[in-house]
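The values are calculated or read from the model by the stated rules, or taken from the named source; none is laboratory data. Nothing here was measured: the structure is a model prediction, and the numbers come from that model. Cβ placement follows ideal geometry from the backbone for every residue including glycine, while neighbour counts extend to all protein chains displayed. Accessible surface is based on the protein model in full, side chains and every heavy atom, while ligands, DNA and RNA are left aside. Shrake-Rupley method; radii C 1.70, N 1.55, O 1.52, S 1.80 Å.
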Amino acid sequence: MLKVGLTGGIGSGKSTASKFFEKLGAFILDADKEAKNLLEKNEIVQHEVISEFGTDIINTTGKVDKNKLARVAFQDVDHQRRLNSVVHPYIYDLIDKTFDKVLNDGKYAVFIIDAAMIYESGYDIHLDYIIVITAQLKNRMERALARKTLTREEILKRIEFQWPEEEKVGMADFVIHNDGSEKELNDNIKSIIKKLI
C-alpha cells in the first residue's frame, strides 16, 4: 500500500481533492482534522499546550479554546513552531497506527495523508509520493473567504507561515493546478490515481 501526502495552501482546494481521491478508492487520513480532535479531546495534549502557552488560551470549562489558541499560535513563526512541536509527534503516532491497521485490512492500494504542513513538518521523508494542489492567490482567497471562518488578514497570515507554493511545487511528485472547474480537478485526480495503482 502506497503512503501518499496530499498538501496545498489554504484555499487551494485540498479538501475537495481529498473527497475525490476517497471516491476513487483511496483511504484518507485528514491530519488537520485529527490535530483539532487531539486539541479538543486528548487531555495530555491539552495539558502540554497549556503548559506551552499559559492559561490565557483556556475557556471557562478549563479546556483549550480554539480561537484563543489560534490568535496566539498564528501571531508569528516561533509560536506556530511551538504549537507544532507539541501536536506533531501525536499526529505522527496516529498516522503510523492508522496506516498499520489499514495495511492489515488489505482493502486499499493507496493511503493518503491530507495535511497542510507536510513539508514544513518534515513528514515528507516518510512518504512514497507527494501531491501538491496549487491555485492562483485570488482563487485561494475567494475560496478561503467563502468559508466565513477567517478574515482576509488572518488568511494572509496563515499563507505567510506556510512554505511558498513554488517551493512545494518544485519538490512534488505530482502537481494539480486547481484554477478550473471541479470536473477538471476530478479528471486530474483520476489520471494521478491511474499512475499510482
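Considering only residues that are among the hydroxyl-bearing types (Ser, Thr, Tyr) and either open to solvent by less than 50 Å² (accessible area, probe 1.4 Å) or within 22 Å of PHE21 (Cβ to Cβ) (or both), which ones fall in region 150-181? The answer is SER181, and nothing else. Summed over region 1-42, residues that are open to solvent by 30 Å² or more (accessible area, probe 1.4 Å), closer than 23 Å to VAL87 by Cβ and among the basic types (Lys, Arg) total 3. Taking region 141-197 and the helices (runs of 4 or more DSSP H) fully enclosed by it, the elements with 1 or more residues that are of a type in the set (Lys, Arg) and at pLDDT 90 or above are at 165-171, 182-196.
Would you mind finding the one in ILE112, ILE118, ILE133, ILE159 that is more than 27 Å from ASP76 (Cα to Cα) and within 15 Å of the chain's Cα centre (by Cα)? The conditions single out ILE112.
Looking only at residues in region 43-62 that are open to solvent by less than 80 Å² (accessible area, probe 1.4 Å) and of a type in the set (D, E, K, R), the one that is farthest from LYS101 (Cα to Cα) is GLU52.
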